[in-house]
Amino acid sequence: MAAQRLDGKALVRERRRLLADRVARCAKQGVFPRLAVAVATDDPSTRAYLNAKRRLAERIGIGVRVTSLSDPPTEELLALIDEWARDREISGILVETPLPSSIDVRAVRRALPADKDVDGAGIASLGRLMAGQPGFAPATAEAALILAESVGPLAGRRVAIIGRSLVVGRPLALLATARDATVTVCHSKTRDLAQIAREADVLFVAVGRPAFVTADMVRRGAVVIDIGINVLEEGIVGDVDAASVAEIAGAFSPVPGGVGLLTTTLLLEHVVEAAERATV
């Protein structure tokens, strides 16, 4: 039997409707959510993703300010973040990646203010997530978790995460642990990776390698969430061999059409939440 398809479209439709309502309520109170974005790359996929976010934001009623930087020194980007952090008209701050080699990424992470760090990329935001304090989780990790929970709660379930990045793998492990799941984080040095993956009730995959996870790595009936984005000649594919895994898994989120759709919506939800918090 083919796996249940966890389609992000169904989830985002209702969330976007509710988000537009929240933006309208903010406007009635004289509050206008705005996102400031710094871009220091000409990467086509980054630009395309940014344009998609901007179109959705403007359709919902969220303002977007984009500043493009050409191979800037770290100090220039840090000064821009500081300016936005002090600007009361800016609700959320986003620094698009990849960043050029001239940038000290760790310094950028330290500079992002937790109350406006709407993609949870900063050190302060990750610290809040670790401590279970209010803050913004990375939108991609949060989207993956929501898709998995659309099948059922994670409490008591065995979760395996393949990939340990600060953007997805590690924050996702914290989010799943907070839901009382038993979590194993796998990476390039993990021994018996396939066996660990087969033992999981829920398997998250974020390694950046097309078709990395195959059917022999999946327990029959497991929930598989593909978080990978790989641009090939034939189009965008994930990290999971979708054709074979869909015959084994109980539920499966595809690429495209799964995590990515929900990620953009969650990012904009964070912008509105930041604006709402600032009025309290």
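The values are calculated or read from the model by the stated rules, or taken from the named source; none is laboratory data. Note that the structure is predicted; figures quoted are calculated from it, not measured. Don't worry about glycine lacking a Cβ; one is built from the backbone with ideal geometry, like all the others, and counts go over all protein chains shown.
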- Query: All but one of (1) in contact with a strand residue (DSSP E or B) (Cβ under 8 Å, 6 or more places away or on another chain); (2) in a loop (DSSP other than H, G, I, E, B); (3) modelled with pLDDT of 95 or more hold for GLY208; which doesn't?
  - Reply: (3)
- Item | Meets criteria (at pLDDT 95 or above and more than 14 Å from LEU268 (Cβ to Cβ)) for LEU6 | no
- Query: How many residues are over 15 Å from ASP119 (Cα atoms) and either surrounded by 19 or more Cβ atoms within 10 Å (Cβ to Cβ) or in contact with a Lys or Arg (Cβ under 9 Å, 6 or more places away or on another chain) (or both) when one looks only at region 34-56?
  - Reply: 3
- Residue check, GLU247 touching a strand residue (DSSP E or B) at 6+ places or on another chain (Cβ under 7 Å) and exposed (fewer than 15 other Cβ atoms within 10 Å of the Cβ): no
- Pick out the one residue from ALA278, ALA194, ALA215 that is closer than 30 Å to ALA27 by Cα and surrounded by fewer than 20 Cβ atoms within 10 Å (Cβ to Cβ). ALA278
- Out of (1) farther than 22 Å from MET130 by Cβ; (2) touching a Cys at 6+ places or on another chain (Cβ under 8 Å); (3) touching a residue at least 60 places away in the same chain (Cβ under 8 Å), the odd one out for ASP239 is which? (2)
- Query: Can we say ALA148 is under 23 Å from THR264 (Cα atoms), in contact with a strand residue (DSSP E or B) (Cβ under 6 Å, 6 or more places away or on another chain) and assigned to a helix (DSSP H, G or I)?
  - Reply: yes
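Which one is farthest from ARG110 (Cα to Cα), of the residues in region 58-76 that are assigned to a helix (DSSP H, G or I) and at pLDDT 95 or above?
It comes out as GLU76.
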- Name the residue, out of VAL280, VAL255, that is modelled with pLDDT under 95, part of a loop (DSSP other than H, G, I, E, B) and farther than 27 Å from GLY92 by Cα. VAL255
- Item | Residue that is modelled with pLDDT of 95 or more and either in contact with a Phe, Trp or Tyr (Cβ under 7 Å, 6 or more places away or on another chain) or over 21 Å from THR279 (Cα atoms) (or both), where the choices are SER125, SER101 | SER125
- Inside region 64-76, can you point out the residues that are of a type outside the set (A, V, I, L, M, F, W, C) and crowded, with 18+ Cβ neighbours inside 10 Å? PRO72
- Since VAL231 meets every condition but one in (1) under 22 Å from SER150 (Cα atoms); (2) out of contact with any Lys or Arg (no Cβ under 9 Å at 6 or more places or on another chain); (3) in contact (Cβ under 8 Å) with a residue 60 or more places away in the chain; (4) not in a loop (DSSP other than H, G, I, E, B), which condition does it not meet? (1)
- Here the residues within region 77-98 that are outside any strand (DSSP E or B), surrounded by 15 or more Cβ atoms within 10 Å (Cβ to Cβ) and modelled with pLDDT of 95 or more are LEU77, LEU78, LEU80, ILE81, TRP84, ALA85, ILE90, SER91
